[in-house]
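Worksheet: one structure, shown below.
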Ligand code: AP5
């Protein structure tokens, strides 16, 4: 009797509220499995720091906790997925999207480019947990790695473990902006959970970081996105 193998997941989306742990999981997956991580938040922060026209337009929205307009975001991703690191050995586009899509029009744009996801991993975390996570977050402006003053402290206070850069407190990680980002998430991004119901896996993002990662890795393995051992994953963030 032959068993039908599911189609391997090449295009993966990490979905979740601000502070749900998308960046933390994504950085670990890059380290462990070399996935092509496309973080729209990291791209926008780099554009702001470089003072590009996109950065100048995006900064006010970001600082206010609002979403950057769809037309800017769709153009940014359309260019990024053409880069060589998003082409798998079979020529198919492969990526781990973190922070995109965030609205129904952004999801429509992906579908229109034949780049809709094979798998959506939704990190579920209650709003009450988010504010503490983001108020205590410290981020590396060099490599984008997230830390937390209590939950994921760097070995040397204030310094990135990975690249040695001084950590910063993001300008949108202030309580007012966090509450606006959560409101935008529920109103504009929440509908994507229903939109992607057929390929979405929910994971409890309130678990300890190593447990969240183990569950994500198991999900990716079961969908053929990676071929390594999940037990290796827990030690990567513990
Ligand atoms: P972006 O950078 O994408 O921000 P976000 O979605 O708000 O997500 P965060 O980066 O804040 O959180 P995360 O889920 O990655 O959590 P993390 O792993 O860091 O976007 C920023 C802005 O850019 C947006 O507000 C918007 O203006 C704009 N933008 C971006 N994309 C856009 C788009 N597509 N359309 C329009 N606008 C767009 O973890 C958070 C903290 O918790 C860390 O300190 C971490 O150490 C800690 N932590 C993580 N996991 C755990 C755990 N399991 N237990 C305990 N602590 C944990």
Sorted by Cβ neighbour density within 10 Å, fewest at the top, the residues 108, 42: 108, 42
Relative contact order (%) - criterion: Cα under 8 Å, at least six apart; region: region 57-185: 27 percent
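Can you give the extra length, in nm with one decimal, that the chain gains between residue 87 and residue 151 once fully stretched, where that is 0.36 nm per residue apart less the Cα-Cα distance?
Using 0.36 nm per residue and subtracting the Cα-Cα distance, I get 19.5 nm.
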Distance histogram in 5 Å bins (all Cα pairs of region 27-100, percent per bin): 3, 15, 24, 23, 16, 12, 6, 1, 0
Share, in percent, of DSSP beta bridges within the chain that are antiparallel, nearest 5: 30 percent
Most mobile of 143, 86, 135 in a GNM of the chain (Cα contacts under 10 Å): 143
Over region 1-137, relative contact order from alpha-carbon pairs under 8 Å, at least 6 apart, %: 45 percent
Fraction in percent of alpha-carbon pairs per bin - 5 Å, region 90-223: 2, 9, 15, 18, 19, 18, 12, 6, 1, 0
Residue order, fewest to most surrounding Cβ atoms within 10 angstrom, among 200, 110, 14: 200, 110, 14
Burial ordering of 138, 187, fewest other beta-carbon atoms within 10 Å first: 187, 138
Gaussian network model of the chain, springs between alpha carbon atoms under 10 Å - residue of 198, 145, 89 with greatest fluctuation: 89
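Can you tell me, using C-alpha contacts under 8 Å and at least 6 residues apart, the relative contact order of region 44-124 as a whole percent?
16 percent
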Calculated on alpha-carbon atoms, Rg and Dmax of the chain in Å: 17.3, 60
Residue-averaged 222 nm ellipticity for the chain, from DSSP H runs of 4+ at -39500 (n - 2.57), nearest 500: -12500 deg cm²/dmol
GNM result for the chain, Cα springs below 10 Å: residue of 103, 219, 52 fluctuating most strongly: 52
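Each reported figure results from applying straightforward, stated rules to the coordinates on display, with no laboratory input. Everything quoted here is computed from the prediction, not taken from an experiment. FYI the Cβ positions are ideal-geometry reconstructions off the backbone, even for glycines, and counts take in every protein chain you see.
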